[in-house]
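First comes the structure, then the notes that go with it.
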Amino acid sequence: MLLFALGFLLVILQPSTGQFPRVCANVQSLQNKECCPPWDGDGSPCGQLSNRGSCQNILLSQAPLGPQFPFSGVDDREDWPSVFYNRTCRCEGNFMGFSCGECKFGFSGLNCTERQVKTRRNIFQLTTSEKNKFLAYLNLAKNIPSQDYVIATGTYTQMKNGSNPMFRDINVYDLFVWMHYYASRDTLLGGSNVWRDIDFAHEAPGFLPWHRVFLLMWERQIQRITGDENFTIPYWDWRDAEDCEVCNDEYMGGRHPTNPNLLSPASIFSSWQVICTRSEEYNSQQALCSATSEGPIRRNPGNNDKSRTPRLPSSADVEFCLSLTQYESGPMDKMANYSFRNTLEGFADPQTAISNPAQSGLHNALHIYMNGSMSQVQGSANDPIFVLHHAFVDSIFERWLRRHRPMLEVYPAANAPIGHNRENYMVPFIPLYRNGEFFKPSRELGYDYEYLQEPALQSIQDFLTPYLQQARQIWAWLVGAAVFGGIVTAVLTGLIRACRKKKGGTSSEIQPLLIESEDYNNITYQSNF
């Protein structure tokens, strides 16, 4: 009871992160296309009086997009968030948030100057009290309404270009379920027509940065509603698992005794209601998910289509994926070959890196294996296993970043599917985040993974791997250079000896002055490589 009371109090006092800020979900903000609310600290828009930020025009990327979406001006998510707002808060320094009232990820303190790095841990390494606290936090989020954010229940056109706002309240957990749905939903083209080959969070370069931001926002929200600033998302290391190890009543819910598609009544998650799972219904009505309850969580792990996903991913699958040097390749979608992103996402074979959408590997394999709510993209975040799974996927992304140390330029700047270029803003987040801003090591964003901190040998190996790979690529040149250098050295040595023999008969009167031994020791030698 105390936990619930504390949660309600904190959610009122603290800003959150999500989709449409409540203070901007009104006629004036929509018609002016401006979301620059005042910061509570000084009452000025974006905290301008305190030099936290200012209201600025949104700078949209002009880089060309890939051919996957052949339309323009038909989807509210194009050039996000310009259909709704073209002026938002641009925060300075380490400040962040829709009103610049928060600190950037990895910073804390009154002026956001204190760096911090928190550790995400294996769920099976948590103590019983830590594990029970995590489960309680999840249930708390499902029962507390978001005070700062609302969701859209209609398109901008259905809102009559802002004159008829269509928004509704939502609880904290379902806010994130809805955001995942909104980013991956189909485009409504009118009548009964839709365009399915569009996704602002999957099947393209932004898959990993988008889910990285999603988890950071979710983690911060849990910290706020509970008052537990040290909370971090645990992960489930599913490598080589023979079954769903977290699918029991001690953790994420066991199987129902009479209906294998439902959760055990002994689990707190058996009473949860899902939202945003009926995509065909929304499409036929040309409507958005309104976050109404659509039944209990469904899960039947292991009873999936074995022809598509015969087993859970192995350690060998992960290691092969990590060996891939290209982050992205070719069309930069689910048909990309030899792409680390596409292989980790699961559209390419984890043993060859050749695209095979008929099979589901790595990330996708877990979703299909769960055989229920998690197996449908738009509503997959309804199952709380989602956060455990994606935390581990993010850790694999982190291992790749540490091993290959890519420059920001490795992330595609142009010609990626819509919403996935480096400078595109991620849908549907406000405050705004660009894809490229999260293509960097996790420690710079304020978190690390327990298993990546040890052993030291693995860190050394990850550090040396890119240099060894480069050496293999240029070994022939190195051998050639060594041979050439040896020949040059031999020739020069011969010439020097010949010159010395020729000068051997010179009289002492015309020899150069000899250096005194005490001066010899004071001479310094420099070499240029």
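Observations, loosely collected:
- The H on the amide N of ARG255, modeled in the peptide plane, is under 5 Å from the matching H of SER264, each at least 5 residues off or on a different chain.
- Compactness of region 280-384 was expressed as the Cα radius of gyration divided by 2.2 N^0.38 Å, which yields 1.22.
- Region 360-400 and region 79-101 have Cα centres spaced 29 Å apart.
- Three-way shape label, region 189-236, alpha-carbon gyration tensor, a/c 1.5: prolate
- Local electrostatic count, PHE214, Cβ distance below 12 Å [Lys/Arg +1, Asp/Glu -1]: 0
- For GLY53, nonlocal amide neighbours, meaning residues 5 or more places apart or on other chains whose placed amide H falls under 5 Å from its own, are GLN48, GLU92.
- Taken over region 139-178, the percentage of Cα pairs per 10 Å bin, counting from 0 up to the bin with the maximum distance, is 32, 39, 23, 5.
- Listed residue pairs exceeding 29 Å between alpha carbons, taken from LYS104/LYS131; LYS118/LYS142; LYS104/LYS142; LYS334/LYS440: none
- Near GLN28: Cβ cut-off under 14 Å, other residues only, Lys/Arg at +1 and Asp/Glu at -1. The net charge is +2.
- Between the amide H of ASP448 and those of LYS118, THR119, ARG120, distances stay under 5 Å, these residues lying 5 or more places away or on another chain, with hydrogens modeled in the peptide plane.
- Rounded accessible area per residue of region 232-292, 1.4 Å, Å²: 44 Å²
- Net charge of neighbours whose Cβ lies under 12 Å from the Cβ of TRP238, counting Lys and Arg as +1 and Asp and Glu as -1: -4
- Three-way shape label, region 9-135, alpha-carbon gyration tensor, a/c 1.5: oblate
- Globularity index of region 128-286, i.e. its alpha-carbon radius of gyration over 2.2 N^0.38 Å: 1.21
- In terms of its C-alpha gyration tensor, region 208-327 has a rounded overall shape, because the principal axis ratio a/c (a ≥ b ≥ c, square roots of the eigenvalues) stays below 1.5.
- Derived scalar couplings ³J(HN,Hα) [region 207-224; Karplus, 6.51 cos²θ - 1.76 cosθ + 1.60; whole Hz; x for Gly, Pro]: 3, 6, x, 4, 6, 5, 5, 3, 5, 4, 5, 5, 4, 5, 5, 5, 4, 6
- Span from the region 300-335 Cα centroid across to the region 36-77 one, whole angstrom: 35 Å
- Working note: Karplus 6.51/-1.76/1.60 with θ = phi - 60° gives region 112-129 the couplings 6, 10, 8, 6, 8, 9, 9, 10, 8, 10, 4, 4, 7, 9, 6, 6, 4, 5 Hz, where Gly and Pro are set to x.
- Farthest positive-ward along region 148-252 dipole, Cα basis, beta-carbon charges - from TYR181, ALA152, VAL213: ALA152
The values are calculated or read from the model by the stated rules, or taken from the named source; none is laboratory data. Keep in mind that what you see is a predicted model, and the values were worked out from it rather than measured. Positions of Cβ are generated from backbone atoms using ideal geometry, with glycine treated the same way; all protein chains shown enter the neighbour counts. Areas reflect the complete protein model, heavy atoms only, side chains present, ligands, DNA and RNA absent. Shrake-Rupley method; radii C 1.70, N 1.55, O 1.52, S 1.80 Å.
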